[in-house]
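The values are calculated or read from the model by the stated rules, or taken from the named source; none is laboratory data. Quantities reported herein were computed from a predicted structural model and do not represent experimental measurements. When we count neighbours, we look across all protein chains shown, and the Cβ atoms used for this are built from the backbone with ideal geometry, even at glycine. Areas reflect the complete protein model, heavy atoms only, side chains present, ligands, DNA and RNA absent. Shrake-Rupley method; radii C 1.70, N 1.55, O 1.52, S 1.80 Å.
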Amino acid sequence: MALRTPHRASVLWFIGSVLALTVFPLLLYGGELHYAEGGKSPDAPGMLFVSVMMTAPAWASVWFVTMALYLVRYSGAAPVLTGIGRTFPSILLSFVAVGISAFLLWCPFARVDFWKLSRLPFTLFFAGCAVYFQYLRAAAVRRGVRE
């Protein structure tokens, strides 16, 4: 059984929205981790959380516009391990999705101590986002296929 994208775009929209909202619990967990590991700054985790909250309209808009580029005119289920597409937009979106996935998989290696059990939520978040972009890539490739 091959991995396939969902039959309806609403599932991918929902998953993308949940991934965007997952940033906030991760920041709260990161703040608790900061203090549990002997962090000395009394306000650094709070300032980070507030700055993310204040910039949420900007980064959430970019996130949802990026999802829209892949999911507008969604044409149904497609194998996730498809190629890069046949039309220029699907080829371009495929390369962008692969680049974003590569960056998201690189992030834990560069900025997260992924080997520590306490960092597992951050590593899983980055890996989940990378996999999600591969599902978006498959949706873009399927949209570009002419039947």
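Being open to solvent by 40 Å² or more (accessible area, probe 1.4 Å), under 19 Å from the mean Cα position of the chain (by Cα) and closer than 21 Å to Leu104 by Cβ is the filter here; which residues of the stretch 29-72 pass it? Listed by number, the residues that qualify are Tyr29, Thr55, Ala58, Trp59, Ser61, Val62, Trp63, Phe64, Val65, Leu69.
Here is a yes/no grid of residues against (1) in contact with an Asp or Glu (Cβ under 6 Å, 6 or more places away or on another chain); (2) within 25 Å of Gly31 (Cβ to Cβ); (3) in a helix (DSSP H, G or I):
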{"residue": "Pro108", "(1), (2), (3)": "no, yes, yes"}
{"residue": "Trp115", "(1), (2), (3)": "no, yes, no"}
{"residue": "Gln134", "(1), (2), (3)": "no, no, yes"}
{"residue": "Ala140", "(1), (2), (3)": "no, no, yes"}
{"residue": "Arg143", "(1), (2), (3)": "no, no, yes"}
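Selection of the stretch 80-98 for residues being open to solvent by less than 40 Å² (accessible area, probe 1.4 Å) and either small (Gly, Ala, Ser) or in a helix (DSSP H, G or I) (or both) yields Gly85, Ser90, Leu93, Ser94, Ala97. As a summary of the residue check, Arg4 satisfies the conditions (1) of a type outside the set (Val, Ile, Thr); (2) under 19 Å from the mean Cα position of the chain (by Cα); (3) surrounded by 13 or more Cβ atoms within 10 Å (Cβ to Cβ); (4) modelled with pLDDT of 85 or more except for the one numbered (4). Among the numbered conditions (1) open to solvent by 40 Å² or more (accessible area, probe 1.4 Å); (2) under 28 Å from Arg119 (Cα atoms); (3) in contact (Cβ under 8 Å) with a residue 60 or more places away in the chain; (4) among the small types (Gly, Ala, Ser), the only one that Ser75 does not meet is (2).
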